[in-house]
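In what follows, a structure is listed as structure tokens, so that the remarks can point back to it.
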């Protein structure tokens, strides 16, 4: 496929109608049904004709995230050593190996935070892994530095089936597709149904004004200490979890029609939308007193503990944390809905994009390149997406996958998938993303904790980032 055709294909994707919030009973019933519905889907899919790699033996090296803990199970051929939520990867690899007996796979691992750096170091040393997983914001620097290959060089007629905003904004660089997406997981508003019901609230908020009104009702001191222990609202704003807070705040900026990056990939933090949002946070903390102080000190994924221990009544979270939260809280006690908005705005969300890249060295190899491409196609296939749904509540990156039995017959997955398709935006490419995130989160903390003027702090913080970026 030519670069021109690839560019033509990177056009806006279609959305789907958002479904109403599901009940906890729906969640439990749906989760129990997952294995049955997937089985039917797999029977159809695995029976289809699939070309296999040729007769020439080849070994591919994969660099995986250490925290997935899948390598030992794969090397021992023992699924009991693989965490349940990563079984989609184990089963996909086993299926690939059965179809491609002449392709052997070897594995390396690296910590999530340094995986990209490990790949770069190996590339510079001339021994780059053939396949690597990367966070979407890493794709641009990897591509522009020449470390990963252009996937458009391989014959493929299925790019139109993928979620086009994800493909265009997270997986493409300078008109070239460089990453094969797998599943998506999206942010939204989690809430404790039981605590809202105790306060006489039957429906979660749709606007920020409604959230503040409800938040005042449910922020309580149940211990008689003079300080609330149940807070109306929380979200990740801690420097300890950077850059996560940017992921959780960008949908609010996007819902107002704003951006967090300009056309040259410079991060933005002093726009009218950023100022409006920062003022909202300041008011929640200093005026309305519903914003949990834990928001400013928490670690990534602490949301589960805050919800299950009743510290947060409402809060922003990513739905990959839903299975654990739902398991602890019980059948009817937890809900997940879109972000609140200001009046007249459209809900948006941030979607994590789990994707795979091929090293430029492998892409240029006449034997390894086609073999690595076969693996990427397998990881981006509807069969793999069905397994992601079964084990990890993963939403599909393909439009056609929504027709699989597992999505149609499971209310939870149908809800999450429709929500993702309608609202999700990937993390954009930002120059010096770590510097940007640290500067922005520091600014929000000053505005909230010290009650400093929004306009002055954001203007100064933008200037600080710009100076360091240009220097």
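The values are calculated or read from the model by the stated rules, or taken from the named source; none is laboratory data. Everything numeric here is computed off the predicted structure, so don't read it as measured data. Positions of Cβ are backbone-derived with ideal geometry, glycine not excepted, and every protein chain shown enters the neighbour counts.
General observations
- Residue satisfying all of: in the stretch 135-145; at pLDDT 90 or above and touching a helix residue (DSSP H, G or I) at 6+ places or on another chain (Cβ under 8 Å); farthest from residue 358 (Cα to Cα) among these: 145
- Of the residues 125, 110, 121, 98, the single one that is assigned by TED's automatic domain parsing to the domain that holds residue 375 and touching a residue at least 40 places away in the same chain (Cβ under 8 Å) is 110.
Let's see how each residue does on (1) under 28 Å from residue 280 (Cα atoms); (2) at pLDDT 90 or above; (3) surrounded by fewer than 24 Cβ atoms within 10 Å (Cβ to Cβ):
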site	(1), (2), (3)
384	no, yes, no
388	no, yes, no
396	no, yes, no
402	no, no, yes
411	no, no, yes
417	no, yes, no
425	yes, no, yes
439	yes, yes, yes
443	yes, yes, no
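- Looking at 399, 299, just one residue is closer than 30 Å to residue 258 by Cα and not assigned by TED's automatic domain parsing to the domain that holds residue 241, and that residue is 399.
- Per the listing 148, 82, 132, 71, the residue uniquely more than 17 Å from residue 375 (Cβ to Cβ) and either surrounded by fewer than 16 Cβ atoms within 10 Å (Cβ to Cβ) or at pLDDT 95 or above (or both) is 82.
- Filtered residues of the stretch 236-253 (kept if assigned to a loop (DSSP other than H, G, I, E, B) and either surrounded by fewer than 24 Cβ atoms within 10 Å (Cβ to Cβ) or modelled with pLDDT under 95 (or both)): 238, 242, 243
- Sole exception among (1) in a loop (DSSP other than H, G, I, E, B); (2) surrounded by fewer than 20 Cβ atoms within 10 Å (Cβ to Cβ) for residue 347, by number: (2)
- Residue count for the stretch 376-401 under the criterion of being part of a helix (DSSP H, G or I) and in contact with a helix residue (DSSP H, G or I) (Cβ under 6 Å, 6 or more places away or on another chain): the result is 14.
- Among the residues of the stretch 155-174, the one identified as assigned to a loop (DSSP other than H, G, I, E, B) and in contact with a helix residue (DSSP H, G or I) (Cβ under 6 Å, 6 or more places away or on another chain) is 170.
- Residue in the stretch 355-370 that is more than 21 Å from residue 152 (Cβ to Cβ) and surrounded by fewer than 20 Cβ atoms within 10 Å (Cβ to Cβ) present: no
- Residue count for the stretch 193-220, restricted to those that are touching a helix residue (DSSP H, G or I) at 6+ places or on another chain (Cβ under 9 Å) and either in a helix (DSSP H, G or I) or surrounded by 24 or more Cβ atoms within 10 Å (Cβ to Cβ) (or both): 12.
- Residue within the stretch 341-355 that is closer than 18 Å to residue 103 by Cα, modelled with pLDDT of 95 or more and more than 18 Å from the chain's Cα centre (by Cα) present: no
- Only residues that are outside any helix (DSSP H, G or I), at pLDDT 95 or above and closer than 26 Å to residue 419 by Cα were counted in the stretch 273-301, giving 1.
- Residues of the stretch 96-117 that turn out to be assigned to a helix (DSSP H, G or I) and either at pLDDT 95 or above or under 18 Å from residue 377 (Cβ atoms) (or both), as a count: 4
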